[in-house]
Amino acid sequence: MKEIDRAGKCGLYCGACPFYRATVDPTFKERYEKEYGKWEEEGYCLGCSNLDERSWGNECEIVQCTKNQNVKFCHACSLFPCKKIEDFSTDECPHHHTAIKESKRMKEIGCKTWLTEQEKRWSCSKCGEPFAWYSKTCHQCGEQVFNCVAEDQPPKK
Ligand SMILES: [Zn+2]
């Protein structure tokens, strides 16, 4: 699998998506259910740059938009940041809220370096196990993890 597959078109890290995690790691779903109860939504995906007919990502309007605009990523588009990505990054899903910020970061430091940064960001600081956007604790060692909800909190004074 190519590294770039984990770079989301919108600037999100596919490697932290529960659908991606469950697709690449057969034990993820079971461990997730142990912590949160039932797995609500079924999704198959190997990342935005690796879509096939089974992938969840086909339905994403950002993915469709990058196809229409003929760009690899949102940040490469002449219209970036457009209303679509602005709406996306301010919707009700906390994990979308870093889309514009991370798109800019990806553009600035390059996709490969950004991926290394993101991989570290979304791995347990204690044992290195990857975790998903909404994970509260590491599935491997139980350490508390810094998830998207925590990142979304206004800074404490
Ligand atoms: Zn851990």
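The values are calculated or read from the model by the stated rules, or taken from the named source; none is laboratory data. Nothing here was measured: the structure is a model prediction, and the numbers come from that model. Please note: Cβ atoms are built from the backbone with ideal geometry, for glycine as well, and neighbour counts cover all protein chains shown.
Among residues of the stretch 114-129 that are within 27 Å of Ile100 (Cβ to Cβ), those with a Cβ under 7 angstrom from a residue that is part of a loop (DSSP other than H, G, I, E, B) and polar (S, T, N, Q), sequence gap 6+ or separate chain, pair up as Cys124/Gln140. Restricting attention to the stretch 7-37, the residues that are assigned to a helix (DSSP H, G or I) and either more than 18 Å from the chain's Cα centre (by Cα) or of a type in the set (S, T, N, Q) (or both) add up to 7. Looking across Arg6, Arg31, one residue alone is surrounded by 14 or more Cβ atoms within 10 Å (Cβ to Cβ), closer than 24 Å to Gln140 by Cβ and in contact with a His (Cβ under 7 Å, 6 or more places away or on another chain). It is Arg31. Against the numbered list (1) hydrophobic (A, V, I, L, M, F, W, C); (2) closer than 17 Å to Arg6 by Cβ; (3) modelled with pLDDT of 95 or more; (4) buried (at least 17 other Cβ atoms within 10 Å of the Cβ), Ile109 comes up short only at (4). In this structure, Trp39 does satisfy being surrounded by fewer than 17 Cβ atoms within 10 Å (Cβ to Cβ) and touching a helix residue (DSSP H, G or I) at 6+ places or on another chain (Cβ under 6 Å). Glu40 passes every criterion in (1) over 17 Å from the mean Cα position of the chain (by Cα); (2) part of a helix (DSSP H, G or I); (3) within 24 Å of Lys136 (Cα to Cα) apart from (2). Once the stretch 115-149 is narrowed to residues that are within 13 Å of the ligand (Cβ to nearest atom) and among the β-branched types (Val, Ile, Thr), the residue that is surrounded by the fewest Cβ atoms within 10 Å (Cβ to Cβ) is Thr137.
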